[in-house]
Amino acid sequence: MKTSSTSFRAACLFALAGIGMGIGMAASQDHSLMPAHAHLNLLGWVSLFLFGVYYRLHPALETSRLAMTQIVVWCVGTAFLTVAVAALHLGYSAFEPVAAVSALLLLGALGLFTLLVFRSGKQTQAATPALTAAE
Ligand code: HEM
Ligand code: HEM
């Protein structure tokens, strides 16, 4: 599957979970899991959708193994960070290492994305200098 399609599909699944959680918080009037909800939506829905848009705009990355790795690592990091942040806010301090490792996974995935952005910028410029002068 193309990286952008994987990213869009994962983003929708995270959005369903994040919005479900938001509705649950609103209905119960218990906002104690707000940070988990906020990060589930911002890392899972917003960021993954933006990665997908970038990959859709750069067809060379649609079949890149590195780009697919970036998406998968981001998804794993998001899922674990959400669970860890929720657990920490429920008082389970044993989840601190899980939060730390998942944050590092997210940082690594963002580093990978940054590398792909810099590399694809160079490649596009070499291929079509006039069209991409602004990139
Ligand atoms: C039906 C959908 C949603 C519901 C019912 C909902 C509900 C809530 C509730 C009850 C809070 C806690 C507010 C507080 O205690 O101050 C909250 C916070 C938050 N939500 Fe949602 N939410 C929804 C969708 C979303 C989406 C789609 C996003 C992101 C794209 C999002 C991002 C946030 C953020 C960033 C916060 C934290 C705001 C702050 O720092 O005060 N939510 N949401
Ligand atoms: C590894 C990645 C990240 C880590 C470890 C992290 C950590 C944190 C922490 C510790 C807080 C304070 C929460 C509290 O007071 O209980 C926070 C708040 C917040 N972060 Fe992040 N963050 C990350 C990524 C992001 C990203 C990528 C976004 C936006 C796209 C974001 C948006 C927010 C927002 C809106 C708040 C305020 C709402 C809240 O308290 O939950 N964060 N973050």
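None of the figures in this text is laboratory data; all of them are computed from the coordinates on show. Fair warning: this is a prediction, and the values are worked out from it, not measured in the lab. Here the Cβ is made from the backbone with ideal geometry for all residues, glycine too, and neighbour counts use every protein chain on show.
So the values come out like this:
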{"quantity": "Two-site FRET efficiency, Arg56 against Val83, from Cβ-Cβ distance with R₀ of 35 Å, rounded to 0.05", "calculated": "0.75"}
{"quantity": "R0 of 30 Å, Cβ-Cβ distance Tyr92-Met1: FRET efficiency to nearest 0.05", "calculated": "0.25"}
{"quantity": "Inter-site label distance for Ser28 and Cys12 at 7 Å from Cα along Cβ, in nm", "calculated": "2.8"}
{"quantity": "Relative contact order of region 3-127, defined on C-alpha pairs under 8 angstrom at six or more residues apart (%)", "calculated": "28"}
{"quantity": "Sequence ranges 18-31, 96-109, 79-92, ranked by mean other-Cβ count within 10 angstrom, highest first", "calculated": "79-92, 96-109, 18-31"}
{"quantity": "Selected from Ala17, Ala99, Val76, residue furthest toward positive end of dipole (the chain; charges at beta carbon)", "calculated": "Val76"}
{"quantity": "Rotationally averaged projected area of the chain (alpha carbon convex hull; nm²)", "calculated": "8.7"}
